[in-house]
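I have a structure here, written as structure tokens, and I will follow up with some questions on it.
Throughout, read-outs are computed from the coordinates displayed, never taken from laboratory work. Computed from a predicted structure; not experimentally measured. Please note: Cβ atoms are built from the backbone with ideal geometry, for glycine as well, and neighbour counts cover all protein chains shown.
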Amino acid sequence: SNRFLIFGEEGLHLLDIFDNKPTRLYDKKIYQLSLILDNKLLVMLSGKERTIRIKPLECFFTHSHSSWNGEIFETRNATSFAVNSTSLTLCVAVKNRLLLYEIHSNPRPYPYTLIYQLNTPETVTYLEISVLKINNSEEKILWYGYSSTFMAQQIDQKCPSSVLLSDNDSTLQVLRKLPIDILRVIPVTNSSSMNELLLVYSKLGIYINYLTGMRTRHKELMWTASPISTSFSDPHLLVYTKISIDIYDVSLGIWLQSFPLSNTYPLTSDGTISLSHDPELVENHPILIYIIQQNQLKQTLNISEKSSSPLISGPTDFVHLEHLEKDEALKILFRSTYNKQNDRSTSTMMPHLFNSPDDNGSLTTITSYKPRSHTSVPLNYSLVRSPDLLKNQIQKSVTSNRDSSYFPSFEDEDNNA
């Protein structure tokens, strides 16, 4: 689970995310890759001639060479392919042809056999193979199509392909006439309708019956924006757009959730791994595997370190400001002023008492024990300096003590500060 096969213009690499050491397994350009895990086979569309190759996975790890190089010569100039790991069926699109192969699980001189080929009026833009349960029997179905048209071909029966949209349903005429891009076919499970399919177009999603081609639901699935790709993990359909990833429940036919990730593409058919170009995600996510352009750094693959802003240094001689009740600031200022006087006049810490008027006009006794440099201010108080507003109040309070103690004036205090 910690190793990934990564392919592209630089070939095929094996990446261990714990060691962060990519190993090159194949040096030719790869356009498409599929892994048949149970049989440990790799199916690749690679090379300058865009040819299909089937290779055992062990050959890449041991760098061994077999008598057959794995290339299927008649698939040169292929545009895409589809593999079903369960039925071991391979379909390759070559211009206006579809080539169907059976992949052998047991070792043979050639690990494939050509079943038959189909001719198409246009270049195929969508290919997928699935095993569908029809009338209590499982059948291998090849889904393919081109602009505005979905087709189905039963692989085990050499019969003509059928169009999925019926001409008898007038509500589907718009989809047949307008040039709309097709994205995928999804067999619907846990549905009240038998043999139900969801046809995913670039504009909307339509529910139909596979055997009749008629609508099964009058409500379509609508997208928030134009899709750039899709993935499916039953029963969830993930629609990737330029601004988000939208999740739909195919069985219920409803939208569930959207992730605000822009410019994100699936790397797997079920959407478990995606490639994102969202700038906010790349900058703020603590752990991301990302691929760096080769002309920027020598290291091709890297894991970003957890980044955080530098800590702000702790405050010095600072008291948080907040709203105060009547005369509370005056009481705090009395305490601060007296502590200054006490620090200058004596070296011993003796308690001194002085009075200040409270809200009712009476005198309140305040005791001060510490010099100003260590004055403790309660959290619900704030130290406020306002000479113009409080000067008269303080002078009245300390008049009686002028002869015995020295209280600095506000001008002296400001100069000292």
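Distances longer than 16 Å among the Cα atoms of the range 199-244: what percent of all pairs is that?
Beyond 16 Å sits 44 percent of the P(r) for the range 199-244.
Distance from the Cα centre of the range 155-183 to that of the range 1-59, in angstrom?
Cα centroid to Cα centroid, the span is 35 Å.
Could you work out the relative contact order of the range 76-115? I mean the mean sequence separation of Cα pairs under 8 Å and 6+ apart, divided by the number of residues, in percent.
29
Projected onto the charge dipole of the range 146-292 (+1 at Lys/Arg Cβ, -1 at Asp/Glu Cβ, origin at the Cα centre), which of MET194, THR171, GLN154 gives the Cα projection farthest towards the positive end?
Of the options given, the answer is THR171.
Another question, if that's okay. Run the quick spin-label model on GLU139 and SER162: label points 7 Å from Cα toward the beta carbon, then report their separation in nm to one decimal.
Those two pseudo-labels are separated by 0.6 nm.
Moving on to the next point. Label 7 Å along Cα→Cβ of GLU49; the range 77-114 residues with amide nitrogen under 17 Å?
Counting backbone N atoms under 17 Å from the label point, the list is 77-80, 93-95.
Compute the Rg/Rh shape ratio of the range 42-160: radius of gyration over Kirkwood radius, all on alpha-carbon atoms.
Rounded to two decimals, Rg/Rh equals 0.99.
Continuing with the same structure: Once a ≥ b ≥ c are taken as the square roots of the eigenvalues of the Cα gyration tensor of the range 152-254, is the result rounded (a/c under 1.5), prolate (a/b larger than b/c) or oblate (a/b not larger than b/c)?
Here the range 152-254 falls in the prolate category.
I want to check the label-to-label distance for ASP19 and THR86. Put each point 7 Å from Cα in the C-beta direction and report it in nm to one decimal.
The answer from the label model is 3.6 nm.
Take the cross-link list LYS48/LYS177; LYS95/LYS177; LYS29/LYS158; LYS48/LYS158; LYS28/LYS95; LYS29/LYS95 and give me the ones stretching past 28 Å between alpha-carbons.
Among LYS48/LYS177; LYS95/LYS177; LYS29/LYS158; LYS48/LYS158; LYS28/LYS95; LYS29/LYS95, the Cα-Cα distance tops 28 Å for LYS48/LYS177; LYS29/LYS158; LYS48/LYS158.
Right, next: With a point put 7 Å past each Cα toward its Cβ, work out how far ILE243 is from SER148 in nm, to one decimal.
About 2.8 nm, to one decimal.
Normalised by the number of residues in the range 153-263, what is the relative contact order in percent for Cα pairs under 8 Å and 6+ residues apart?
Taking the mean separation of contacting Cα pairs over the length of the range 153-263, I get 16 percent.
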